[in-house]
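Heads up, the thing below is written out as structure tokens.
What follows is calculated from the coordinates using simple rules that are stated; it is not laboratory data. All values reported here derive from a predicted model rather than from experimental measurement. Ideal geometry is used to build each Cβ from the backbone, glycine not excepted, and the neighbour counts take in all protein chains shown.
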Amino acid sequence: MSSHCNSLVLAKLYEHVSRRGKRYFVGRIGAVKLLIFETGNVDRGSPVWQMCLEQGTQTSAREVGLAREIAADAGGRYTGPGPRRGCRSAR
């Protein structure tokens with residue numbers, strides 16, 4: 001974690017490059033998928049990025065366990081969805 005006091009990591013993002021050479025970032029916030037991409041627009045001399053959220057398709061038992069562990073470490077309690085029936089745990 002960075003040196004910012006009282007900061008909380010919301011998500012980890014992973015940088016990718018499309019076949020056309022465009023950079024974009026993907027990640028998850030719980031069961032929500034996150035996508036950040038450059039719009040091609042410039043405002044005040046800086047490139048403009050757009051963030052899109054999409055409902056996740058599945059929550060594995062491993063993801064639920066990890067979310068509970070993170071919540072416990074933060075002094076809270078995970079109240080999100082449990083694993084969906086028929087989902088296999090990631091190994």
Residue order, fewest to most beta carbons within 10 Å, for LEU34, LEU13, LEU53 | LEU53, LEU13, LEU34
In nm, to one decimal, how far is the modelled label at LEU53 from the one at SER7, with both set 7 Å along Cα→Cβ?
-> 2.1
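Once you order the gyration tensor axes a ≥ b ≥ c over the Cα atoms, which shape class does the stretch 4-47 get: rounded for a/c under 1.5, otherwise prolate or oblate by comparing a/b with b/c? Write down the numbers at each step before the final one.
Details: a/c = 2.56, a/b = 1.36, b/c = 1.88.
Oblate.
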